[in-house]
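Everything on this sheet refers to the single structure shown next.
Read the figures in this text as sums done on the coordinates, not as results from a lab. Keep in mind that this is a model prediction, so the values were computed, not measured. Reconstructed Cβ throughout: ideal geometry from the backbone, glycine too, with neighbour counts over all protein chains shown.
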Amino acid sequence: MPPRNDCNEEMGGEVVSLSITRADGTVVGTHDLDSGDSFSYTQTPTQEGVYTYSTTLGRVPVHRASVHVAPVFVTIDSTSVGVSGVHSTLTGLPSTAKEEYSASLTLRDIGGTVIQSDISPTVAFAGSSVVAVWEGYGEYSVSGTAGDEGDYTMTVAVGGVTILTEAVTLASTFPWVPVLIVSVCLLVVVGGGMWCCLSAIKESEQQDDCTKGAKGDLEDGVFISPVPSQE
């Protein structure tokens with residue numbers, strides 16, 4: 001319906017402007033229409049938060065209201081509270097396969113304030129339910145044992161609505177470690193600047209199995225040859 005003044009008289013001939021603004025000052029929608037017409041306007045918020053709807057008539061403010069947008073609302077002491085997926089946190093997630101973990105879940109409202117009442121969230125890890133224990137002061141503990149290595153997700157829902165989804169990568173409990181294998185043999189000088197491993201001499205008794213020394217005569221000794229290997 002067209003706007004009316006304090007005497008309930010229709011006010012025509014002026015432009016009605018509607019503006020929708022987020023709490024950070026971002027204007028997410030505007031609409032102008034001649035006040036002589038009736039109109040409706042639909043705006044679908046894409047982010048949670050507090051939105052302010054302001055209406056002006058000929059640049060004169062005539063109405064202002066705030067609307068809270070959240071993934072889900074719960075009632076606490078007769079007050080509707082929007083649970084935030086942006087400000088709520090889930091920390092202490094496992095990182096290793098078969099690890100015993102104890103994560104911490106804190107739920108906050110869309111203003112970032114910790115929700116101090118137990119609102120019974122449900123938690124799932126890799127598709128299986130995990131118990132969330134209310135510890136008070138806005139915090140829940142989420143404990144369990146991680147599964148096999150791989151990529152998983154842990155989700156938190158309130159009232160059947162998912163508000164948090166955290167990616168979890170579980171590494172192997174036996175990570176690859178490079179191993180250095182060292183071969184040791186006793187060198188003997190066989191003459192003419194030739195030397196070879198003692199084990200080769202014992203097995204073949206032939207100089208063909210020997211290697212030319214790098215510098216002149218070599219003394220009997222131990223030759224260490226590092227050979228990198230993977231296990």
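Remarks
- Its Cα gyration tensor gives region 76-170 an equivalent ellipsoid, and the semi-axes of that ellipsoid, as √(5λ) in whole Å with the largest first, are 25, 12, 11.
- Descending by average beta-carbon neighbour count within 10 Å, the peptides 122-134, 96-108 line up as 96-108, 122-134, the highest first.
- Extending 7 Å from the Cα toward the beta-carbon at both Thr52 and Val27 defines two label points whose distance is 1.4 nm.
- Inter-label distance, nm, simple model (7 Å from Cα along the C-beta direction), Ile76/Thr89: 1.7 nm
- Using 0.36 nm per residue and subtracting the Cα-Cα separation, the extra length available between Val15 and Val69 on full extension is 16.6 nm.
- Each residue, Asp118 and Ala97, gets one label point 7 Å from its Cα in the Cβ direction; the gap between the two is 3.6 nm.
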